[in-house]
Amino acid sequence: MGVVYLAHDPFAERPVAIKLGSIPTSAEAARLSHRIFFNEARLAGLLKHPNILSVYDAGEEDGRPYIVMEYVDGSRTLKDHCQADSLLPLRRVVEIAFKCARALDYAHRAGVIHRDIKSSNILLTPSGDVKIADFGIARRLHSDTTQVMGMVGSPRYMSPEQAQEEELTHQTDLYSLGVVLYELLAGRTPFQAENLSRLIYRIVHDAPPPVRALRADVPPELEAIVMKALARDRAQRYAMGNEMAADLSEAFDHLDGVEAHVDEQERFESARKLAFFAEFSDAELWEVVRAASGHRFTGGDRIVSEGAIEDFFYIIVSGDVMVKKGSRVLSSLAAGDCFGEMGYFGKVPRSANIVALNDVSALRIGASHVEQVSAGAQLRFLRAFVQTLVSRLGKTSESLARA
């Protein structure tokens, strides 16, 4: 749409940001640019809230529209924290979503629907505050002024009604905030597709994958908030932003028992040293670490029971285990080895017992967790499993040859 400049306001003695529209390539482009710029100036200018970016002035110079806005030094968009290797601690995510929900409640009560809530339209300040920006395609209810209509917004964040170009209410913004919350927790938006038509179909018809399948340390109470915000049926969705903010406030009480962020970092660093993850990129490994759950066992603990039907497998971070068939010891495994991987390929009975020989730390990953990580990470898992099976077959052949 244009370029944003840092400038100085000599009257108010403050730095400001000036968004200057691009030079239009056609008369139609000029009309659309003009409408979007002055729509933002008019609607954002109506709103005075600490978590909404302020608009000070607007005008046109040599046929190019401009807006003078609040400048927030050192701010970055939330998009910087929506990758698997750069996610924020859960408490920070809840704080951000809470402030956004309150700000949207304020805007909605003023009759303004944003229609383009997404992670790149929310600024995170150095002090940890948030600012909702870019009201260019916002709409004011019950207004006689010509506004930007049609299918507008960013496809990955659209509500089902927005994707179908139905009449919108403020609940479309709360759905989009649910997508942002999902993205901040899981490192990806809930729906992925190879083209726009498939993406729209999934938004309209599919249920989003559970957040906890992608990040195991998300408490059920927080996942429930996300799923309610993302309900396809508006009657099951949050009615107002304050209602969502109230649930987020209560969610703080359930975060005290959640594994600390520093522990998550330690799990990543420990996993990074393992041969199993040698081919995983840092981003892919962060996906795995957040989807997995950490478990500790002491010597003599039975980790896997022969005959049990389970769909998860383990990767040993430290310690040793032995593989037993009845009373017979078949082999031992150490850090970097995996076991129970057949649970990934199908729910088949466990063929042996796995018993801890000493203090063991391990990552447990379910088949559903692997299905939700990126295609690249899934490919790395398959390669690691194949290498493991080849290695075990080689050892078995050597053992039979010696016999």
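The values are calculated or read from the model by the stated rules, or taken from the named source; none is laboratory data. As the structure is a prediction and not an experimental result, all values here were calculated from the model. Every residue, glycine among them, receives a Cβ derived from its backbone with ideal geometry; neighbour counts consider all protein chains shown.
Computed quantities for the displayed model
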{"quantity": "Residue match in region 228-246 (condition: part of a helix (DSSP H, G or I), within 28 Å of VAL360 (Cα to Cα) and small (Gly, Ala, Ser))", "calculated": "no"}
{"quantity": "Options VAL288, VAL226, VAL211: the member that is at pLDDT 90 or above, surrounded by 15 or more Cβ atoms within 10 Å (Cβ to Cβ) and closer than 30 Å to ALA384 by Cβ", "calculated": "VAL211"}
{"quantity": "Filter pass, ASP256 being modelled with pLDDT of 90 or more and either touching a strand residue (DSSP E or B) at 6+ places or on another chain (Cβ under 9 Å) or acidic (Asp, Glu) (or both)", "calculated": "no"}
{"quantity": "In region 125-146, the residues that are at pLDDT 50 or above and hydrophobic (A, V, I, L, M, F, W, C)", "calculated": "VAL130, ILE132, ALA133, PHE135, ILE137, ALA138"}
{"quantity": "Where LYS347 falls short, out of the listed (1) modelled with pLDDT under 80; (2) in a helix (DSSP H, G or I)", "calculated": "(2)"}
{"quantity": "Any pair with Cβ under 6 angstrom, 6 or more apart, that starts in region 63-92 at a residue that is at positive phi and ends at one that is surrounded by fewer than 18 Cβ atoms within 10 Å (Cβ to Cβ)", "calculated": "GLY74/PRO126"}
{"quantity": "Filter result for ASN195 (without any contact (Cβ under 8 Å) to a residue 24 or more places away in the chain and surrounded by fewer than 21 Cβ atoms within 10 Å (Cβ to Cβ))", "calculated": "yes"}
{"quantity": "Residue match in region 198-205 (condition: among the hydroxyl-bearing types (Ser, Thr, Tyr), free of Cβ contacts under 8 Å to residues at least 24 places away in the same chain and over 21 Å from GLN83 (Cα atoms))", "calculated": "yes"}
{"quantity": "Failed condition for VAL317, given (1) out of contact with any helix residue (DSSP H, G or I) (no Cβ under 9 Å at 6 or more places or on another chain); (2) in a strand (DSSP E or B)", "calculated": "(1)"}
{"quantity": "Conditions (1) in contact with a Lys or Arg (Cβ under 7 Å, 6 or more places away or on another chain); (2) buried (at least 18 other Cβ atoms within 10 Å of the Cβ); (3) at pLDDT below 80; number of the one not met by ILE23", "calculated": "(2)"}
{"quantity": "Selection status of ALA101, in the same structural domain as LEU168 (by TED's automatic domain parsing) and within 19 Å of the chain's Cα centre (by Cα)", "calculated": "yes"}
{"quantity": "Elements of type strands (runs of 3 or more DSSP E) contained in region 43-139, each with 2 or more residues being over 24 Å from SER249 (Cα atoms)", "calculated": "55-61, 64-70"}
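Yes or no, residue by residue, for (1) exposed (fewer than 13 other Cβ atoms within 10 Å of the Cβ); (2) among the basic types (Lys, Arg):
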{"residue": "PHE268", "(1), (2)": "no, no"}
{"residue": "SER293", "(1), (2)": "no, no"}
{"residue": "ARG296", "(1), (2)": "no, yes"}
{"residue": "ASP301", "(1), (2)": "no, no"}
{"residue": "ILE354", "(1), (2)": "no, no"}
{"residue": "ASN358", "(1), (2)": "yes, no"}
{"residue": "SER374", "(1), (2)": "no, no"}
